Every structure is written in structure tokens, then in C-alpha cells.
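The values are calculated or read from the model by the stated rules, or taken from the named source; none is laboratory data. In this text the structure is predicted, and so the values were computed from the model without any measurement. Glycine also receives a Cβ, built like all others from the backbone with ideal geometry; neighbour counts cover every protein chain displayed.
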Amino acid sequence: MTIIVCMRLGRSRSIAVGLTLGAAALVVPHLCGSGWQTDEELSSRIERENNPVKKAKFEIRLGRRKLTHAVEACAKDDHPRCQESLGSFLTLMKSSWDRLEATGRVAQKHVDGFKELDIALREGGRQLEDLKQRVPYQDMGQIDSVEKETDQLRAKVLRVLFPALNEPEGSGRSRKHGHGKPAPGASP
């Protein structure tokens, strides 16, 4: 198909298209290069990394891979491997949370790492819910417990990202009188 397109475009345009596609083929793997790492490479990178936020991000990435391995193992009825991978997923997510929390950073101002953890936990919760639908009833226990702990961890992450969620309803700051315009139709 590429040859046919190049023939219709003419020689100079086909060279430009070829160079563009070639450049894209070189750049895209570097932009997405982290997705091509093996579990061992990610583990090694976690061990070598000194920056706690980067280390947490690598743990999150490896945790996501472990969850994918768990889903694949359950699909093949390899329940011991599924349980092992689920345990690794949860351990890595908790470790990344502990690492990010230990930095002492204000999450709502410096979301780097916290945001990635929230996304991974949200997507992980969905995957776990889907996985529960595909396994026999007797195998749901472990998945259910990992899902519950994932939800609890995500609630912690959301509380540091959005501190207003911690305030009880009605305890918000009251508006000072005389500041701002009332909404149209509102009584004074």
C-alpha cells in the first residue's frame, strides 16, 4: 500500500513521506520506550533510581504490568501465578504510595507521581472488577480483597490530591457579605 501511495504522489513527495515515516519510526519508540521494558529491567531501574518520585513512577509502571500478568494468568487458569501477580501489583502500588507520601510534598501543588498513582489505581480497579466476572466463584476472594485494598489506597491518594474532599459538608468557607454579585434571581 505504501508503494502505491508513493507512486501516486510523485518522486519528491514520496521521498518526503518516506523520510517522515522513517523519522517517526525512530522517535516513537523513544517516546514510548518505557513500555518496551521487561519486568526485570523495570525492577533493576527501581533499584538504581535515587529520586523517590521517579522510583515511585517505575513501581507504578511495574505494578501495572503485574496486574496485566495476573489477568493473563487467570485467563489461562494459572491461579497460583494469578495470585502471585495480584500480590505483586498491590505491594508495588502500596510501596509507591509510601514513597510519595514520605517525600512530604504537597500533592495538590506537586501532582507528579500522585496523579500517575491515581490513574493506575483507577484503571486497576476496573481491571479487577472485569477479572472478577471471568473467574469461578471460589477464586473471587483474592481478587475481591485486592480490589478493596486498591479502592482504599485510591481514596487516600484522592484525599491528598483534593483536600476539600476531607472537609465535612457544610464546613466550607462562608462567603463574606458584600463581596461578589448574587446570582440572578437570588434573594438578598
| remark: Note on segment 58-89: residues closer than 15 Å to residue 123 by Cα, under 14 Å from the mean Cα position of the chain (by Cα) and not aliphatic (A, V, I, L, M) are 61, 63, 64, 65, 66, 68, 89
| Inside segment 35-50, can you point out the residues that are closer than 25 Å to residue 110 by Cα, touching a Lys or Arg at 6+ places or on another chain (Cβ under 9 Å) and not in a helix (DSSP H, G or I)? | 49
| Which one is surrounded by the most Cβ atoms within 10 Å (Cβ to Cβ), of the residues in segment 137-154 that are touching a residue at least 40 places away in the same chain (Cβ under 8 Å) and either touching a strand residue (DSSP E or B) at 6+ places or on another chain (Cβ under 6 Å) or polar (S, T, N, Q) (or both)? | 150
| message | Taking the criterion of being at pLDDT 90 or above, farther than 22 Å from residue 99 by Cβ, charged (D, E, K, R) and in contact with a helix residue (DSSP H, G or I) (Cβ under 6 Å, 6 or more places away or on another chain), would at least one residue in segment 154-171 satisfy it? | response | no
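A quick yes/no check of all residues on (1) over 27 Å from residue 51 (Cβ atoms); (2) surrounded by 15 or more Cβ atoms within 10 Å (Cβ to Cβ); (3) free of Cβ contacts under 8 Å to residues at least 60 places away in the same chain:
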position	(1), (2), (3)
75	yes, no, yes
78	yes, yes, yes
93	no, yes, no
112	no, no, yes
135	yes, yes, no
160	no, yes, yes
| Residue that is within 17 Å of the chain's Cα centre (by Cα), surrounded by fewer than 19 Cβ atoms within 10 Å (Cβ to Cβ) and β-branched (Val, Ile, Thr), where the choices are 46, 119 | 119
| Is it the case that some residue within segment 51-67 is over 24 Å from residue 153 (Cα atoms), part of a helix (DSSP H, G or I) and at pLDDT 95 or above? | no
| request: With respect to residue 88, determine if the residue is out of contact with any Leu (no Cβ under 7 Å at 6 or more places or on another chain) and within 20 Å of residue 150 (Cβ to Cβ). | output: yes
